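Inspection log for the structure reproduced underneath, given as structure tokens.
The values are calculated or read from the model by the stated rules, or taken from the named source; none is laboratory data. Treat the numbers as computed from the prediction; the structure is a model and nothing was measured. Backbone-built Cβ (ideal geometry, glycine too); neighbour counts: all protein chains shown. Note: areas computed on protein heavy atoms with side chains; ligands, DNA, RNA excluded. Shrake-Rupley method; radii C 1.70, N 1.55, O 1.52, S 1.80 Å.
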Amino acid sequence: MSETALSIKGLKIRYGAIEAVKGIDIDVREGQVVALLGANGAGKTSTLRTISGLTRAAEGSIEFFGQEITHMDAEKITKLGIVQSPEGRQIFRDLTVEENMKAGAFTVKDRAQVKANFERCYRYFPRLHERKTQMSYTLSGGELQMLAIARALMASPKLLLLDEPSLGLAPLVVRDIFAIIGEIKAEGTTVLIVEQNALQTLKIADYGYVLETGKNSIHGPASELIRDTRLVEAYLGTA
Ligand SMILES: Nc1ncnc2c1ncn2[C@@H]1O[C@H](COP(=O)(O)OP(=O)(O)OP(=O)(O)O)[C@@H](O)[C@H]1O
Ligand SMILES: [Mg+2]
């Protein structure tokens with residue numbers, strides 16, 4: 001059995017009086033793709049942001065390979081190898097594709113590693129290679145999403161956090177993105193992915209958790225969740 005990369009216990013997240021996440025438990029094993037599913041407002045983004053140190057945990061603990069990271073600052077967490085590719089398209093519009101990717105590698109001091117990361121990203125996304133000198137604001141939605149993932153990969157993540165990488169993309173591009181997430185996993189990067197697209201995500205995932213208004217709902221191996229009637233009714237019915 002592989003090691004536990006990420007272990008979340010009793011995590012609570014509050015925004016003022018609102019308790020958005022009400023004591024959840026999540027484990028991510030090294031080398032796996034784990035899906036975090038749930039309706040709008042379930043607390044998925046809040047959970048990812050708290051893992052990254054961008055949002056503070058109110059209670060509970062988050063450990064990364066046994067090390068407590070619950071109250072660590074975001075940059076330190078990135079240096080440990082947890083890298084989040086943001087929801088939507090938050091990249092530097094006034095930088096070129098290549099400059100954005102280089103910015104993603106700011107924690108990587110080894111130049112040979114930066115070069116290897118560029119090669120890896122361009123192998124996954126040949127389109128970014130073709131457009132490396134292009135200003136990012138001229139990219140299409142799908143290309144921006146690819147750039148967001150590439151920028152995260154440039155930081156040499158041990159654990160890659162993806163928040164809705166397929167959001168707003170055409171079906172063919174969605175298929176490409178999921179295929180690439182499969183390759184990222186095959187090359188040994190652990191992935192925790194938030195998605196609305198439950199069926200396609202479970203097809204590439206090893207394990208899945210469903211959140212329901214800030215609480216754990218069902219969880220289990222992806223192959224079982226795909227056939228779970230409760231999940232099929234709630235999320236997969238129209239897929
Ligand atoms: N900065 C904030 N201030 C106040 N409330 C917030 C803040 N961020 C999130 N919330 C609330 O916390 C709850 C969980 O939000 P979150 O963004 O984590 O959900 P989500 O599962 O990612 O939803 P979606 O699928 O719509 O992206 C929501 O009710 C939301 O309104
Ligand atoms: Mg969200």
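Structure data summary
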item: Every residue from region 53-62 that is surrounded by 17 or more Cβ atoms within 10 Å (Cβ to Cβ) and among the polar types (S, T, N, Q); result: Thr55
item: Top-ranked residue in region 209-226 [being within 16 Å of ligand 2 (Cβ to nearest atom) and surrounded by 19 or more Cβ atoms within 10 Å (Cβ to Cβ); ranked as farthest from Gly168 (Cα to Cα)]; result: Gly214
item: Residue ranges of helices (runs of 4 or more DSSP H) in region 148-238 with at least 3 members small (Gly, Ala, Ser); result: 171-186
item: Residue under evaluation Phe65, criteria (1) open to solvent by less than 10 Å² (accessible area, probe 1.4 Å); (2) out of contact with any helix residue (DSSP H, G or I) (no Cβ under 7 Å at 6 or more places or on another chain); (3) not β-branched (Val, Ile, Thr), criterion not met; result: (1)
item: Residue tally, condition within 16 Å of ligand 1 (Cβ to nearest atom) and surrounded by fewer than 21 Cβ atoms within 10 Å (Cβ to Cβ), over region 165-174; result: 3
item: Filter result for Thr190 (crowded, with 18+ Cβ neighbours inside 10 Å and either among the basic types (Lys, Arg) or out of contact with any helix residue (DSSP H, G or I) (no Cβ under 9 Å at 6 or more places or on another chain) (or both)); result: yes
item: Lys115 being open to solvent by 70 Å² or more (accessible area, probe 1.4 Å), charged (D, E, K, R) and farther than 15 Å from Leu161 by Cβ; result: yes
item: Single unsatisfied condition, Gly43 versus (1) open to solvent by 70 Å² or more (accessible area, probe 1.4 Å); (2) within 13 Å of ligand 1 (Cβ to nearest atom); result: (1)
